Each structure stands twice: as structure tokens, then as C-alpha cells.
Amino acid sequence: MNAETFGCNRCWPPWASAAWEAFLALSVEAELVDESHFAVAIRACAACGQRFVIVFTELIDWADGEDPQDWTVLPITAAEAAALVKAGAAIVPALAALAPRRRSLRREFPKGRRPRAHWDSGISVGPHD
Ligand SMILES: [Zn+2]
């Protein structure tokens, strides 16, 4: 087992699809980037206090209205949350430097297909407009 444990049953359940639903119920603590095709926010669990960073990217292909969207959720420590808030314009390298091996939750909505949530690790900020 990993020595690092994050969250509780309410905010970080063991099934990816359930974890995505649980994540959506958490309250937003800070919005760090809020662009239409790239967004970064920190949410926190009211039950256990665990913070999570969420990264959203969307790639516009101009072909029609359905563009590929991608979300990554990573549980973070209070110190990591503080560092992200201070990162400012350096937010992308700051995200990439966060625990690349820590389990993250990924939700992909590929063009023309159904959205799918699955476990991943760390955060890689994909291409976006
Ligand atoms: Zn929790």
C-alpha cells in the first residue's frame, strides 16, 4: 500500500465513477485559472478537509460543437494548495511538478463518445485552446 492516504469515503471513494460524482459535490475553495478552454480550481471536502486540485482542458477543432474535454483531479496537501495559489502565471509547471505518482482521477469526454472516468497518476496538462 501507498503510505500516502488522501480524503475519506465521502470525497475519494475507491471507484473512479463514484469518485467523479463525489468530487462534483465538493465546494470550490479557489479558482486559479478560469478560461473557457483551460481551468484550474481547488475544491475541499467538508467532511475531512481534504483539498483537491482540478484541471480542465478543452481542445477546439472547429468541426462542430463537440470538442474533446479532459478533467484531472488530484488530492493535494495544504502546502501544495498554498503553492498553487501563489504560482500565478507559472501554474502549468507547478501542476506538472505535483506528485507525478500520486493517484489522480481522470475524466475524458472524447469527441463523439461517452465520458469515461478512470484512475491515473499525477497531472499532465494536455493541449488546449
Ligand atoms: Zn473527505
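The values are calculated or read from the model by the stated rules, or taken from the named source; none is laboratory data. Being a predicted model, the structure only gives us computed values, none of them experimental. With ideal geometry, Cβ positions are generated from the backbone for all residues, glycine too; neighbour counts draw on all protein chains shown.
In this entry, residue 87 passes the filter for residues that are of a type in the set (Gly, Ala, Ser), more than 16 Å from the ligand (Cβ to nearest atom) and surrounded by 14 or more Cβ atoms within 10 Å (Cβ to Cβ). The set of residues from segment 90-108 being out of contact with any Asp or Glu (no Cβ under 7 Å at 6 or more places or on another chain), surrounded by 14 or more Cβ atoms within 10 Å (Cβ to Cβ) and of a type outside the set (A, V, I, L, M, F, W, C) comprises 103, 107. When the test is whether a residue is touching a residue at least 24 places away in the same chain (Cβ under 8 Å) and away from the ligand (no atom under 15 Å from the Cβ), residue 20 does not pass it.
Within segment 37-54, residues that are closer than 14 Å to residue 98 by Cα sit with their Cβ atoms under 8 Å from residues that are at pLDDT below 95 and part of a loop (DSSP other than H, G, I, E, B), at 6+ positions apart or across chains, in these pairs: 53/98; 53/123.
Determine, yes or no, whether residue 73 is within 16 Å of the chain's Cα centre (by Cα), within 16 Å of the ligand (Cβ to nearest atom), in a strand (DSSP E or B) and modelled with pLDDT of 95 or more. Yes.
If the condition is being out of contact with any helix residue (DSSP H, G or I) (no Cβ under 7 Å at 6 or more places or on another chain) and either of a type in the set (Gly, Ala, Ser) or part of a strand (DSSP E or B) (or both), then segment 82-91 contributes 82, 88, 89, 90.
Mind listing just one residue for me: the one in segment 23-57 that is polar (S, T, N, Q) and surrounded by 11 or more Cβ atoms within 10 Å (Cβ to Cβ) and, of those, farthest from the ligand (Cβ to nearest atom)? Among them, the one singled out is 57. The number of residues in segment 58-84 that are buried (at least 18 other Cβ atoms within 10 Å of the Cβ) and farther than 22 Å from residue 23 by Cβ comes to 0.
Taken together, 99, 79, 94 contain a single residue that is hydrophobic (A, V, I, L, M, F, W, C), closer than 23 Å to residue 12 by Cβ and part of a loop (DSSP other than H, G, I, E, B), which is 99.
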